[in-house]
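**Student:** Structure in structure tokens, see below.
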Amino acid sequence: MGLAAALMAQLPDAKVKRDAPFQPIPFNHKLHVSQGLKCAECHPMPEPGDFATYPKAATCMACHISIKTDSPHIQKLAGIAKEGKKVQWTPVYRIPDWVSFNHKKHMGVEGVTCEGCHGPVATRTELFREKDLSMDACMQCHRQNNGPNGCLVCHDQR
Ligand code: HEC
Ligand code: HEC
Ligand code: HEC
Ligand code: HEC
Ligand code: HEC
């Protein structure tokens, strides 16, 4: 992949700087990615690939059964895992549910990476929405990468 292709295959930076939303358990991507964990281990994309999912509390407990068990955050996590419940993470990136978007199809495009649409996640201690999710932003990348820009590509006929 050329540098030019990589630079064009991304969403522009957000116009407005947003703070990181409150998370029920403070989660640090930088720390966890530096443990060698891959994005796909925590964010699998089950068929048809519309969504990148969140990890199960049990996935976290594979390590936290023994790591930092004295932390109140880990005790909260352990309680949620024990009850078989999910952590209620606050969404960072969302588009309206009447707009079509499929993660898996985008990951097949040359030059497209997680970082292109979500910023340098592996260096972030907390996530905030740092990329622009407007219609113009989607259409700009489609224009630059031979993506389709007909209205019905992203919007069902209503
Ligand atoms: C990194 C550049 C890039 C960005 C950013 C991007 N797209 Fe795409 N998208 C593409 C390309 C290229 C294709 C064509 C893929 C193909 O033909 O295999 C595509 C295809 C699609 C399709 C048709 C395939 C499908 O999934 O059914 C939809 C719908 C779509 N994009 C929606 C969006 C929306 C909504 C956004 C903004 C939230 C967006 N895209 C942002 C590059 C991008
Ligand atoms: C150990 C598990 C783990 C790993 C590894 C991990 N993540 Fe996450 N990710 C999470 C958790 C938990 C959240 C929810 C809390 C938050 O937003 O920080 C999250 C949230 C996110 C979000 C925001 C989701 C939303 O609601 O909008 C994005 C984007 C993301 N991760 C991308 C990545 C990328 C890219 C990588 C690889 C560089 C990665 N993650 C690696 C666990 C992980
Ligand atoms: C591969 C092992 C591993 C996995 C899987 C893992 N963690 Fe961690 N986590 C660590 C390590 C190592 C630390 C740093 C421990 C230290 O500071 O000594 C840590 C630290 C933390 C801390 C900080 C605790 C504190 O109070 O200092 C939180 C919160 C946390 N992890 C949450 C999670 C969540 C939520 C998940 C699942 C999405 C997860 N971890 C998955 C290894 C892991
Ligand atoms: C073409 C842009 C694009 C790429 C590439 C991309 N994402 Fe996303 N991501 C989005 C959009 C748009 C949303 C909001 C989707 C929604 O609201 O339905 C999102 C949402 C998410 C979420 C929240 C759950 C969900 O699916 O709504 C996670 C987690 C996430 N992305 C992780 C990743 C990871 C990990 C990668 C790389 C493997 C990645 N994303 C690649 C655009 C992208
Ligand atoms: C590549 C995907 C994509 C294409 C193509 C696209 N849209 Fe959109 N559209 C979006 C997204 C994403 C949003 C939601 C933006 C937001 O939440 O701010 C949106 C929002 C809208 C809205 C609501 C605006 C508002 O202010 O809430 C209208 C109306 C609309 N689009 C019409 C169109 C028309 C007409 C076309 C064809 C010329 C089109 N769209 C093509 C992705 C797309």
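The values are calculated or read from the model by the stated rules, or taken from the named source; none is laboratory data. All values derive from a computational prediction rather than experimental measurement. Don't worry about glycine lacking a Cβ; one is built from the backbone with ideal geometry, like all the others, and counts go over all protein chains shown. What goes into the accessible areas is simple: the full protein's heavy atoms, side chains included, and nothing from ligands, DNA or RNA. Shrake-Rupley method; radii C 1.70, N 1.55, O 1.52, S 1.80 Å.
**Student:** Just flag the GluC sites (Glu not before Pro) in the range 58-158 sitting in loop per DSSP whose Cβ has no more than 14 other Cβ atoms within 10 Å.
**Tutor:** Taking the range 58-158 and a limit of 14 other Cβ atoms within 10 Å, the loop GluC sites (Glu not before Pro) found are GLU83, GLU110, GLU126.
**Student:** For the range 83-118 and the range 119-158, what is the separation of their C-alpha centers, rounded to whole Å?
**Tutor:** 10
**Student:** In addition: How many lysine pairs does the range 1-106 hold where the Cα atoms are under 16 Å apart and the two sit 8 or more places apart or on different chains?
**Tutor:** Qualifying lysine pairs in the range 1-106: 9.
**Student:** What ranking of ASP13, ASP50 comes out by heavy-atom accessible area, probe 1.4 Å, highest first?
**Tutor:** ASP13, ASP50
**Student:** Another question about this same structure. Once amide H atoms are built 1.01 Å from N in the peptide plane, which residues 5 or more positions from PHE51, or in another chain, come under 5 Å H to H?
**Tutor:** Residues meeting the criterion, in which the H sits 1.01 Å from N, are HIS103.
**Student:** If I fit a long axis through the Cα atoms of helix 72-82 and take the longest principal axis of the Cα atoms of the chain, what angle between them do I get, 0 to 90°, rounded to 10?
**Tutor:** Rounded to the nearest ten degrees, it is 80.
**Student:** Determine the sum of side-chain charges near MET107: Lys and Arg each +1, Asp and Glu each -1, restricted to other residues whose C-beta is under 15 angstrom from that of MET107.
**Tutor:** Taking every other residue near MET107 into account, the sum is -1.
**Student:** Normalised by the residues of the range 22-102, what does the relative contact order come to in percent, with Cα pairs under 8 Å and at least six apart?
**Tutor:** 33
**Student:** Right, next: Which ³J(HN,Hα) values in Hz, rounded to whole numbers, follow from the phi angles of the range 52-58 under the Karplus curve 6.51 cos²θ - 1.76 cosθ + 1.60, where θ = phi - 60° and Gly and Pro get x?
**Tutor:** Result, rounded to whole Hz: 9, 8, 9, x, 5, 4, 4.
**Student:** How high is the relative contact order of the chain, in percent, with contacts defined as C-alpha pairs under 8 Å that are six or more residues apart?
**Tutor:** Relative CO of the chain lands at 41 percent.
**Student:** May I pose another question? Show log10 I(q)/I(0) for the chain at q = 0.10, 0.12, 0.14 Å⁻¹, two decimals, from a solvent-free Debye sum over equal Cα scatterers.
**Tutor:** -0.44, -0.62, -0.82
**Student:** Could you give the angle, 0 to 90 degrees to the nearest 10, between helix 135-144's Cα long axis and the longest principal axis of the Cα atoms of the chain?
**Tutor:** Orientation of helix 135-144: about 60 degrees from the principal axis.
**Student:** In addition: What does the accessible area per residue of the chain come to in Å², with a 1.4 Å probe and no ligands, DNA or RNA counted? Kindly include the intermediate steps, with their values, before the conclusion.
**Tutor:** On the way: 11260 Å² over 158 residues.
With the other protein chains kept in place, the chain gives 71 Å² per residue.
**Student:** Modelling each spin label as a point 7 Å along the Cα-to-Cβ direction, I'd like the LYS86/ARG18 distance in nm, to one decimal.
**Tutor:** 1.9
**Student:** Still on this model: What shape does the range 30-84 have by the C-alpha gyration tensor, where a ≥ b ≥ c are the square roots of the eigenvalues, rounded means a/c under 1.5, and otherwise prolate means a/b greater than b/c and oblate the rest?
**Tutor:** Verdict is oblate for the range 30-84.
**Student:** Go through TYR93, TYR54 and list them by solvent-accessible area, largest first, probe radius 1.4 Å.
**Tutor:** Ranked list, largest accessible area first: TYR54, TYR93.
**Student:** Pop out the carbon and sulfur fraction of the accessible area of the range 3-158 as a percent, whole number, probe 1.4 Å.
**Tutor:** 61
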